[in-house]
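Colleague: The structure under discussion is supplied below as structure tokens; questions concerning it will follow.
The values are calculated or read from the model by the stated rules, or taken from the named source; none is laboratory data. As the structure is a prediction and not an experimental result, all values here were calculated from the model. All Cβ positions, glycine included, derive from the backbone under ideal geometry; neighbour counts span all protein chains shown.
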Amino acid sequence: MKRIVIHEEYCIGCHLCEIHCLVQHSSSRDIIKAYRLERSHLMPRVLVEESGPISFALQCRQCEEPACIEACISGAMHRDERTGAVICDESKCVGCWMCIMVCPAGAIRQNLLGTRIASKCDLCYGADVPACVAHCPNEALTYEEVGEGR
């Protein structure tokens with residue numbers, strides 16, 4: 001299965017991955033409209049963590065045995081049969097936040113922008129390459145086949 005791989009040594013903390021994630025999950029898919037008009041209802045599914053000169057993008061690691069799926073009481077967290085990605089069916093999420101509590105990477109967040117559902121990376125479902133990877137200027141994020149255990 002393909003996963004997003006983080007190369008923190010190349011991350012400059014530009015936050016372009018966050019911006020393009022927000023645009024990808026907007027209704028307009030237009031950077032100006034999404035950022036200016038839709039931003040209050042959207043949150044990026046990737047978060048750039050920074051500590052001094054070190055920064056890296058944090059998003060779902062697409063675990064082999066996802067604790068979020070086991071903990072989900074509504075069945076919203078599941079592995080997509082077609083892509084193998086761990087995704088959240090937002091129509092089923094009840095906002096219990098169990099997935100957030102058990103995620104070892106801290107990659108699932110509360111979407112409190114009107115929906116009160118769990119928010120996590122979905123690998124830009126349907127896209128050949130996730131938006132964060134496609135728009136990372138330094139290739140700090142790559143999308144590649146990763147072997148078992150990583």
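Colleague: Looking only at segment 70-86, filter to residues that are at pLDDT 95 or above and buried (at least 18 other Cβ atoms within 10 Å of the Cβ); which one of those is farthest from Val133 (Cα to Cα)?
Modeller: Step by step, filter segment 70-86, then rank; the result is Cys72.
Colleague: Considering each of Val23, Val102, Val46 in turn, give the residue that is over 29 Å from Glu139 (Cα atoms) and in contact with an Asp or Glu (Cβ under 9 Å, 6 or more places away or on another chain). Break it down stepwise before answering.
Modeller: Numbers: Val23 fails: over 29 Å from Glu139 (Cα atoms); Val46 fails: over 29 Å from Glu139 (Cα atoms).
So the residue among Val23, Val102, Val46 that is over 29 Å from Glu139 (Cα atoms) and in contact with an Asp or Glu (Cβ under 9 Å, 6 or more places away or on another chain) is Val102.
Colleague: Could you tell me whether segment 108-117 includes any residue that is assigned to a loop (DSSP other than H, G, I, E, B), of a type outside the set (Phe, Trp, Tyr), without any contact (Cβ under 8 Å) to a residue 60 or more places away in the chain and in contact with a Phe, Trp or Tyr (Cβ under 8 Å, 6 or more places away or on another chain)?
Modeller: no
Colleague: Check whether at least one residue in segment 127-140 is surrounded by fewer than 12 Cβ atoms within 10 Å (Cβ to Cβ), closer than 21 Å to Leu22 by Cα, assigned by TED's automatic domain parsing to the domain that holds Ile4 and within 16 Å of the chain's Cα centre (by Cα), and report yes or no. Working first, answer last.
Modeller: Let us first name the residues in segment 127-140 that are surrounded by fewer than 12 Cβ atoms within 10 Å (Cβ to Cβ), namely 128, 137, 139.
Add one more test, that the residue is closer than 21 Å to Leu22 by Cα, and what stays is 128, 137, 139.
Still in the list and also assigned by TED's automatic domain parsing to the domain that holds Ile4: 128, 137, 139.
Going one step further and asking which of them are within 16 Å of the chain's Cα centre (by Cα), we end up with 128.
Yes.
Colleague: Just need a number here: residues in segment 99-129 that are within 11 Å of Cys68 (Cα to Cα) and of a type in the set (Phe, Trp, Tyr).
Modeller: Selection size over segment 99-129: 0.
Matching residues to (1) in contact (Cβ under 8 Å) with a residue 40 or more places away in the chain; (2) hydrophobic (A, V, I, L, M, F, W, C):
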| site | (1), (2) |
| --- | --- |
| Ser74 | no, no |
| Met77 | yes, yes |
| Asp80 | yes, no |
| Glu90 | no, no |
| Lys120 | yes, no |
| Gly147 | no, no |
